[in-house]
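Visitor: Pasting in a structure now, in structure tokens, and then I'll have a few things to ask.
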Amino acid sequence: MSRKPVVLVTRKLPDAVELRLARDYDARFNQEDRVYSSDELIERAAGADAIIPCHTEKLTAAVIQRLPESVRAICSFSVGFDHIDLDAAKARGMVVTNTPDVLNDATAEIAMLLLLAAARRAHQGEQQIRTATWAEWSATGGLGIQLTGKRLGILGMGRVGRILARRARGFDMEIHYHNRHRLPPELEAGAIYHPSVEQLLPQCDFLSLHCPATPETDQLINAERIGLLPDGAILVNTARGAIVDDDALIDALRSGKLFSAGLDVFNNEPDIDPRYRQLDNTFLLPHVGSATRETRDAMGFRALDNLDAITSGREPPDRLV
Ligand code: DGY
């Protein structure tokens with residue numbers, strides 16, 4: 001009987017996914033769910049044919065070069081792949097895959113939640129209840145901004161951006177977007193296209209980020225571009241922290257240039273810039289865009305579909321390199 005391929009699973013995955021892994025592979029699990037250091041990861045990968053990492057494992061060129069010779073594939077449990085140096089993996093002849101599509105609805109839901117929460121100051125209201133400081137109902141206190149009739153700018157009109165547009169239309173928002181390529185009319189569905197980020201920004205009462213973290217989008221939302229947003233605009237980020245310049249965003253939130261921000265992703269997670277916690281016009285979540293039972297199962301099964309294809313000599317559906 002031929003041996004089962006050996007797979008290093010770097011984090012605890014949903015039960016159903018681990019069951020399938022245990023059935024089909026010689027899987028090394030991480031039941032403690034502790035993030036391995038690079039050295040530990042390299043050590044634990046000894047003799048493994050493949051690795052299933054999450055976005056928490058930084059597979060830089062230096063790490064990839066030190067991975068054991070046996071590792072032929074990296075099947076990431078994530079749609080984002082900014083944590084993997086694809087060039088280094090390619091140079092080592094590794095196949096790398098991600099888990100597109102299955103996160104779209106869950107992530108768009110969190111973007112919608114952030115839009116609503118940031119606009120209606122949900123954090124402050126919740127605090128009052130939890131700290132028993134809700135003195136009395138007030139006609140003028142805790143006032144937020146209504147979504148109805150407002151302009152929502154979507155930066156990156158891929159799959160998540162388009163689902164968010166659909167959800168936001170249900171709130172009677174007017175959709176504006178910028179994308180590298182203009183969408184065909186059936187996908188645009190009435191959204192107004194702006195050929196550059198700079199043209200989009202002045203049209204946004206709300207701005208939601210849906211572009212990947214790449215060298216081109218690094219700190220794209222900086223002081224200059226925030227300056228192009230209308231005064232009192234609201235920013236939402238469910239994409240990656242690296243797209244935003246923290247100093248610029250914090251200045252804009254402090255000065256009132258921006259009404260508020262709803263953030264699910266940050267630079268340097270989980271050690272985020274502590275100034276965000278001190279602001280009362282931020283609504284903050286710990287990178288939970290894809291955190292539904294349905295989506296986390298689907299992400300695991302998608303990663304395994306890719307792994308199954310690679311280990312049985314077929315083309316994986318979500319090959320990045
Ligand atoms: C992703 O899949 O990229 C999400 O950010 C969670 O890792």
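The values are calculated or read from the model by the stated rules, or taken from the named source; none is laboratory data. Given the structure is predicted, the values throughout are model-derived calculations rather than measurements. A quick note on method: Cβ atoms are made from the backbone with ideal geometry, for glycine too, and the neighbour counts reach across all protein chains shown.
Visitor: Considering only residues that are under 25 Å from Gly262 (Cβ atoms) and either in contact with a strand residue (DSSP E or B) (Cβ under 7 Å, 6 or more places away or on another chain) or basic (Lys, Arg) (or both), look in segment 82-120 and name the one that is farthest from the ligand (Cβ to nearest atom).
Guide: Arg120
Visitor: Pairs under 9 Å by beta carbon, first residue at pLDDT 95 or above in segment 11-31, partner surrounded by 15 or more Cβ atoms within 10 Å (Cβ to Cβ) and among the hydroxyl-bearing types (Ser, Thr, Tyr), six or more apart or different chains?
Guide: From segment 11-31, the pairs are Arg11/Tyr36; Arg11/Thr56; Asp24/Thr311; Tyr25/Thr311; Asn30/Thr10; Asn30/Tyr36.
Visitor: I'd like to verify a number: residues in segment 251-281 that are surrounded by fewer than 21 Cβ atoms within 10 Å (Cβ to Cβ) and among the hydroxyl-bearing types (Ser, Thr, Tyr), how many?
Guide: Final tally of qualifying residues: 2.
Visitor: Additional query: Do we have Val96 as under 20 Å from the mean Cα position of the chain (by Cα), part of a strand (DSSP E or B) and surrounded by 17 or more Cβ atoms within 10 Å (Cβ to Cβ) here?
Guide: Working: under 20 Å from the mean Cα position of the chain (by Cα): yes; part of a strand (DSSP E or B): yes; surrounded by 17 or more Cβ atoms within 10 Å (Cβ to Cβ): yes.
Yes.
Visitor: I need the full set of residues from segment 292-309 which are under 21 Å from Asp26 (Cβ atoms), touching a residue at least 24 places away in the same chain (Cβ under 8 Å) and surrounded by fewer than 23 Cβ atoms within 10 Å (Cβ to Cβ), in order please.
Guide: Phe301, Leu304, Asp308
Visitor: For segment 40-61, which positions are of a type in the set (A, V, I, L, M, F, W, C), more than 16 Å from the ligand (Cβ to nearest atom) and outside any loop (DSSP other than H, G, I, E, B)?
Guide: Leu41, Ile42, Ala50, Ala61
Visitor: Report yes if some residue within segment 281-299 is within 15 Å of the ligand (Cβ to nearest atom) and in contact with a Pro (Cβ under 6 Å, 6 or more places away or on another chain); otherwise report no.
Guide: Yes.
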